[in-house]
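The values are calculated or read from the model by the stated rules, or taken from the named source; none is laboratory data. None of the values given here were measured: they were computed from a predicted structure. Positions of Cβ are backbone-derived with ideal geometry, glycine not excepted, and every protein chain shown enters the neighbour counts.
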Amino acid sequence: MNKQKKTIDVDYIAGLAKLEIDESKKSRFQEEMQNIVDYVDLLSELNVENIIPTAHAAQMKNVWREDVSENDFSREVMLKNAPELFDEGTIKVPQVLPGEGTA
């Protein structure tokens, strides 16, 4: 099959992407984009007749389980893991925003 190559319009593509490309780099981008298009054309020559179409390279399936609460811990046990507490069981964390909170 003899396909006639179309020249890639770098200015048009840059306009779609709202990019400004320096004149000195346009020929490099044109060559790189042409290489990408040529590679995709090469892939079209592959025989995929017996290959099942997929959306992912690896098999994907959902694993469903009941959302059941396990290992109930008391508040006291949970708060033992906190680095620092104040006001009867409130966990103190490092200040995130300057000038906020009780640093």
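Tabulated data for the structure shown
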item	result
Tally of residues being acidic (Asp, Glu), surrounded by 10 or more Cβ atoms within 10 Å (Cβ to Cβ) and more than 13 Å from Ile13 (Cβ to Cβ) across the stretch 23-51	3
Sole exception among (1) out of contact with any strand residue (DSSP E or B) (no Cβ under 7 Å at 6 or more places or on another chain); (2) at pLDDT 80 or above for Ala55, by number	(2)
Breaking point among (1) at pLDDT 85 or above; (2) more than 31 Å from the chain's Cα centre (by Cα); (3) not hydroxyl-bearing (Ser, Thr, Tyr), for Asp22	(2)
The stretch 32-71, residues that are of a type in the set (Val, Ile, Thr) and in contact (Cβ under 8 Å) with a residue 12 or more places away in the chain	Val37
Scope the stretch 74-92; condition surrounded by 10 or more Cβ atoms within 10 Å (Cβ to Cβ) and at pLDDT below 85; matching residues	Gly89
